[in-house]
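Novice: My structure is below; once you've seen it, I'll send some questions.
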Amino acid sequence: MLIGASIVLMQPHIAAAQSSQEIERIGKEITVQIVDDQTPPATGSGVIIRRSGNSYTVLTAYHVVKEGKKYQVITPDQQSYTVNNVKHLQGLDLALVEFSSSKPYNVAKIGDSDLATATTTVYVGGFPAKTAAISNPYFSFNKGQVNANGAAQRDGYNLIYENKTLNGMSGGPVLNEKGELVGVHGRADEQEIGIGTTINVALQKMVAVGVDVGGRSYTRNSTLPTAPKADDFFIKAYDSYRNKDYQGAIANYTQAIRLNPRYANAYYNRGIARSDIGDKQGAIADYTQTVKINPRHDDAYYNRGLVYYELKNYKAAIADYNESLKINPNAEDAYLNRGLARYELKDIQGAMADYNQALKINPNYDKGYYNRGLARSASGDKKGALADYNQAIKFNPNYDKAYYNRGLTRYELGDKQGEIDDYNQAIKINPNYALAYYNRGIALSEKGDTQKALDDFNQTIKLRPDYTDAYIYRGLTLYDLGNKQGAFNDFNQAIKLSPNYDKAYYNRGLTRYELGDKQGAITDYNQALKINPKYANAYLNRGLTRADLGDRQGAIADYNQALKYKPDYDKAYYNRGIAYFDLKNLQQALADFNQAIKINSKYANAYYNRALTRRDLGDKKGALADFKQAAELYRQQNNNNYYEDTLIQIRKLEQ
């Protein structure tokens, strides 16, 4: 029966699949490290593909062993064996090496690499070489997708994949989702894209040197029991529920209740099934009937609390968790979920007290640490939140939400690379984690890795086509890549999804401006300002557009508004200065350039334009000083065109 099988409500949490871990285990057991005796830091990897008696054959990258030196194979149990023989597979960056051992080591199962087509998932394993950051060899295993599988190129490479790899992993296995060997890693190119050779190409060459490999297997089974009276219907309902036939379960629980109207557990389990199909009121009615029949049914109070929580009736949820805890004061799940309800009511301290109690009962409670981390973060204790996420991950290494939120916290603490690493791990555990792709895209964009950011925003939209912000960020990324029309289309879609989103209109305005539709740009800025009358950036850009259309007074009015809502806005002072300069109001222009420089002492353009203004005012000395400062800043900023132009201005002034 379902008694005790209560649902645990928490911040959205998806159980991680075990397939990646299993494949990693396979990878560890078939991957060896290859070490140069004379130069220990020079290492590579290899994969065991054959055993004949005490002789093992390892497939590796030829460049790992091509120097003809003395090499050692280090097996997964850290035993070291001398390489007996090296056979180069002609035309390929592949070689076969042999070692002898009486110990049993696992041999790779050979897959069909023709099936490793674009977008299929592969895993690359190997041992990174020693560096300043890597003092001891460890097994690295990364998940990614195939980008291409085609005709062999230089050194026989014909497989390209996006997995991140490091020096020392050359010769390591490329495995498919079945844990079968489909390729051998060769090297990473300049863009950190992995390249290797498919196993089918390798097999063709292996035949020529007398090596043959192969073999695979698969099994499965299933059972389905049935039964006929009140208890029989209950059992039948349970079987239906396990098979996710919730309507069938409800029908059978109803039959059990018809035959036994005081069957409390039938009401309780029917409540669970009704909740699963979205009939929340029906679930509440069944849980209520359960506690009416059995007032000591703590799980019924608990589950009714869960339903009230889902209905956002947090006070009712807390009342039910209280009743459940009166009956069972050691139920950590009830403390956890009461904490969640208190959190929603902004009672952060009360929530943390409940999480503390849950952890006192169960010190290994990953969800307790996770949710306390959320509460600590909300209260501003970012370091405390980080410590809790660390504990959650310690007790549940596959907790994707903990990695995700630790990534958010690391961002707030300034650890940008740690942030990306956590998003990577969250995605590795849950490849359908849209928010992890989205936030990783933002982090990559800030890092300057625009193309990878675009890939993440694409994946976010694929998983959540209704996510407005993903269209905004993808539009901004396309804009930066020069694809203005693509950006315009994304901003349109964002507006379609969220017609009152000021930033969508604002960014579409920027794009319209770049596409030459300046009146359309002003229309979009008008709409952004209608939604958000304090939007300083919108005033600024509407001012720039008005200036381009010759309406300098209108532009000045917009810059004034921008400064009203953002008094330290250097760009608003700067552009207002330009407008005054164009109107020959040089004193006012000078005052604005002064203010822009006061706010931002590295503002090269402001120095340049102040120099022009001072020149026109007859202040040759002041102009020359500003041109020289502008030139130095342009040089520091690698802005060569402006630097050269400024030097010309200096020479003219010095004549």
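Novice: For segment 55-112: of the residues being surrounded by fewer than 16 Cβ atoms within 10 Å (Cβ to Cβ) and among the basic types (Lys, Arg), which is farthest from ALA129 (Cα to Cα)? So that I can check it myself, show each step before the final result.
Specialist: Initially, segment 55-112 is screened for residues surrounded by fewer than 16 Cβ atoms within 10 Å (Cβ to Cβ), giving 55, 66-70, 77-80, 82, 84-85, 88, 90-91, 100-104, 106, 112.
Checking the rest, the ones that are also among the basic types (Lys, Arg) come to 66, 69-70, 103.
Details: LYS66: 17, LYS69: 18, LYS70: 18, LYS103: 26 Å.
Out of the qualifying residues, it is LYS103.
Novice: Regarding ALA208, is this residue more than 20 Å from ASN294 (Cβ to Cβ) and modelled with pLDDT of 90 or more? So that I can check it myself, show each step before the final result.
Specialist: Values: more than 20 Å from ASN294 (Cβ to Cβ): yes; modelled with pLDDT of 90 or more: no.
Criteria not met by ALA208.
Novice: Quick test for you: out of ARG474, ARG512, pick the one residue that is within 27 Å of the chain's Cα centre (by Cα) and surrounded by 22 or more Cβ atoms within 10 Å (Cβ to Cβ).
Specialist: Working: ARG512 fails: within 27 Å of the chain's Cα centre (by Cα).
Going through ARG474, ARG512 in turn, just one is within 27 Å of the chain's Cα centre (by Cα) and surrounded by 22 or more Cβ atoms within 10 Å (Cβ to Cβ): ARG474.
Novice: Taking the options ASP456, ASP421, ASP469, name whichever one is among the acidic types (Asp, Glu), at pLDDT 95 or above and within 8 Å of the chain's Cα centre (by Cα).
Specialist: Working: ASP421 fails: within 8 Å of the chain's Cα centre (by Cα); ASP469 fails: within 8 Å of the chain's Cα centre (by Cα).
Just a single option satisfies the conditions, and that option is ASP456.
Here is a yes/no grid of residues against (1) surrounded by fewer than 21 Cβ atoms within 10 Å (Cβ to Cβ); (2) more than 25 Å from GLY554 (Cα to Cα); (3) among the aliphatic types (A, V, I, L, M):
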| position | (1), (2), (3) |
| --- | --- |
| ALA596 | no, no, yes |
| LEU612 | yes, no, yes |
| LYS620 | yes, yes, no |
| ALA625 | yes, yes, yes |
| ASN641 | yes, yes, no |
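Novice: Moving to a separate point now. Just a yes or no: is a residue in segment 78-90 within 20 Å of ARG25 (Cα to Cα), at pLDDT 90 or above and of a type in the set (Lys, Arg)?
Specialist: The first filter runs over segment 78-90 and keeps only residues within 20 Å of ARG25 (Cα to Cα), leaving 78-79.
Pick out the ones that are also at pLDDT 90 or above and you get 78-79.
If we keep only those that are of a type in the set (Lys, Arg) as well, we get none.
No, segment 78-90 has no match at all.
Novice: Restricting the search to segment 249-283, which residues are within 21 Å of ALA316 (Cα to Cα) and either touching a His at 6+ places or on another chain (Cβ under 8 Å) or surrounded by fewer than 21 Cβ atoms within 10 Å (Cβ to Cβ) (or both)?
Specialist: TYR268, ASP276, GLY278, ASP279, LYS280, GLN281, GLY282
The values are calculated or read from the model by the stated rules, or taken from the named source; none is laboratory data. Please read these numbers as outputs of a predicted model, since none were measured by experiment. Note that we place each Cβ from the backbone using ideal geometry, even for glycine, and neighbour counts take in every protein chain shown.
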